[in-house]
1. Inspect all residues belonging to the stretch 27-42 and state whether any of them is among the charged types (D, E, K, R) and modelled with pLDDT under 95.
2. So the check is Cβ under 7 Å with 6+ separation or different chains; which pairs have a first residue in the stretch 130-148 that's of a type in the set (S, T, Y) and a second one that's in a helix (DSSP H, G or I) and surrounded by fewer than 21 Cβ atoms within 10 Å (Cβ to Cβ)?
3. Out of all the residues in the stretch 99-108, is one or more touching a residue at least 12 places away in the same chain (Cβ under 8 Å), touching a Phe, Trp or Tyr at 6+ places or on another chain (Cβ under 9 Å), buried (at least 22 other Cβ atoms within 10 Å of the Cβ) and not acidic (D, E)?
4. Those residues that are buried (at least 21 other Cβ atoms within 10 Å of the Cβ) and either away from the ligand (no atom under 16 Å from the Cβ) or in a loop (DSSP other than H, G, I, E, B) (or both), I need them from the stretch 129-155; list them, please.
5. Among all residue pairs at least 6 apart or on different chains, which show Cβ distances below 6 Å where the first residue, located in the stretch 44-60, is of a type in the set (S, T, N, Q) and the second is part of a loop (DSSP other than H, G, I, E, B) and near the ligand (Cβ under 10 Å from one of its atoms)?
6. Being at positive phi and buried (at least 24 other Cβ atoms within 10 Å of the Cβ) is the filter here, so list the residues in the stretch 21-54 that pass it.
7. Using the structure shown, decide if R215 is more than 18 Å from I114 (Cα to Cα) and touching a helix residue (DSSP H, G or I) at 6+ places or on another chain (Cβ under 6 Å).
Amino acid sequence: MSTSKDGRPERVLVVLAHPDDPEFFCGGTVARWAAEGRHITYCLLTRGDKGADDPGVDPDELAATREIEQRQAAAVLGVGEVLFLDHADGSLVADLDLRRDVTRIIRQVRPDIIITCDPSNYYSLFINHSDHRAAGQATLDSVWPAARSALYFPELYQEEGLEPVKVHHVYIAGPVHPNTSIDVTDFFDAKLNALGEHKSQIKDLDGLRKRLEERMRDPHSPPDAPRYIERFNRLELG
Ligand SMILES: [Zn+2]
């Protein structure tokens, strides 16, 4: 089991924008780390209420559906806890309010490791969703320095009793400049199965499997024995 310095299981906090983001960005890593004994918490900043093209869709019903889907997907991967902050989908801005909300969650969960996404990733093959960039920026701004100083958002300490916390390991998913690969070959199916729980979003799971097999294949693995990786920019903070 992976334990932190005080002997408890290592805690991992995943902060991302929408239901299904954790599975797409880092589902294999989450499954692997949960299997290794880490306690995983998801914090989704929205409930995905704009995740449909049909103008007849009720946003509140969609959000309720997606919350259920996200909890089911998390259960597939062994995630211990799923939190929703209920900001409006499509409207995330990395302002002080969002930073305070994420700082509060970091001080409550007190993780050893945080996973978020790359705020500098505007586009590669696709245009990156503005909510993803805002979620990444707010989370990094919360890790350093807001979560670790009682002088930032003093009401969190003075009124809510939330002690500052230093997070030492940050894994940035969807990175422009990856410096770390995690082998998730043994957890590729778990990632796919978890993605399959997002039925409101994913209609062609077989097609998605083929795309992920291409995107996640370790270029150094032999063609007849492919291995699959998830890439991160890992930060080690003092
Ligand atoms: Zn998303």
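1. No, the stretch 27-42 has no match at all.
2. Pairs found: S142/R99.
3. Yes, the stretch 99-108 contains at least one residue that is touching a residue at least 12 places away in the same chain (Cβ under 8 Å), touching a Phe, Trp or Tyr at 6+ places or on another chain (Cβ under 9 Å), buried (at least 22 other Cβ atoms within 10 Å of the Cβ) and not acidic (D, E).
4. Matches in the stretch 129-155: L140, S142, V143, A146, A147, F153.
5. T46/A17; T46/H18; T46/D89
6. Once the filter is applied, which keeps residues that are at positive phi and buried (at least 24 other Cβ atoms within 10 Å of the Cβ), the stretch 21-54 yields only G48.
7. Spelling it out, it is not the case that R215 is more than 18 Å from I114 (Cα to Cα) and touching a helix residue (DSSP H, G or I) at 6+ places or on another chain (Cβ under 6 Å).
Matching residues to (1) within 25 Å of W33 (Cβ to Cβ); (2) out of contact with any Pro (no Cβ under 7 Å at 6 or more places or on another chain):
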| residue | (1), (2) |
| --- | --- |
| V102 | yes, yes |
| V109 | yes, yes |
| C117 | yes, yes |
| Y122 | no, yes |
| D131 | yes, yes |
| A135 | yes, yes |
| A138 | yes, yes |
| R148 | yes, no |
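The values are calculated or read from the model by the stated rules, or taken from the named source; none is laboratory data. What you are looking at is a predicted structure, and each value in this text was computed from that prediction instead of being measured. Positions of Cβ are backbone-derived with ideal geometry, glycine not excepted, and every protein chain shown enters the neighbour counts.
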